[in-house]
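Asks: This is the structure, below, for whatever I ask next.
Please treat every number below as a calculation from the coordinates, not as lab data. What you see is a predicted model, and the numbers here were worked out from it, not measured in a lab. Positions of Cβ are generated from backbone atoms using ideal geometry, with glycine treated the same way; all protein chains shown enter the neighbour counts.
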Amino acid sequence: MTPIKICKPKLAEGGIKKIRLRGEIDSQGALSLEKLMNELLDKKCHDVELNFSEVNFVSSAGVGMLLGFVSSLRRNGGEVYFTEVNEKVKDIFALLNLDDYFNFNKPSQNDPMTSSQQGI
């Protein structure tokens, strides 16, 4: 197992927080990611882009954490965008019928759903 590495969030155009993930989102990785996600929620960040280009596995704990985070942001008018998700990870989400729930599209800079937020 490759432990999760979470790159420092970067503020992109449109107020979107971009976060690059590396490794595997297992139970330990889910805890690390949950800590960051709680910080983002506390700071009232609305739109987040999670880059999965270097993630090869997501456990049930990781899926549960991602579901909770997406739900929390959507309740507050925000969105989470999953980008550069490899087929292996997409297959995990599809197997759980979550491929329609998660947003795999890149956020549009002109999208009215993106909001300008202060950085964390």
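Asks: Restricting to region 15-24, what's the tally of residues that are outside any strand (DSSP E or B) and surrounded by fewer than 18 Cβ atoms within 10 Å (Cβ to Cβ)?
Replies: 1
Asks: Further question: Quick check on Asp91: is it in a loop (DSSP other than H, G, I, E, B) and surrounded by fewer than 16 Cβ atoms within 10 Å (Cβ to Cβ)?
Replies: In short, no.
Asks: Look at Leu41 and say whether it is buried (at least 19 other Cβ atoms within 10 Å of the Cβ) and either acidic (Asp, Glu) or outside any strand (DSSP E or B) (or both).
Replies: no
Asks: Continuing with this model, one more query. With surrounded by fewer than 16 Cβ atoms within 10 Å (Cβ to Cβ) and of a type outside the set (D, E, K, R) as the only criterion, which of Ser27, Ser59 stands out?
Replies: Ser27
Asks: Suppose we keep only residues that are in contact with a Pro (Cβ under 7 Å, 6 or more places away or on another chain) and not aliphatic (A, V, I, L, M) within region 19-40. Which one would you say is nearest to Phe69 (Cα to Cα)?
Replies: Ranking the qualifying residues of region 19-40, first place goes to Gly29.
Okay, residues lined up against (1) closer than 19 Å to Glu24 by Cα; (2) in contact with a strand residue (DSSP E or B) (Cβ under 9 Å, 6 or more places away or on another chain):
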| site | (1), (2) |
| --- | --- |
| Leu73 | no, yes |
| Gly78 | no, yes |
| Phe82 | yes, yes |
| Val85 | yes, yes |
| Leu95 | yes, no |
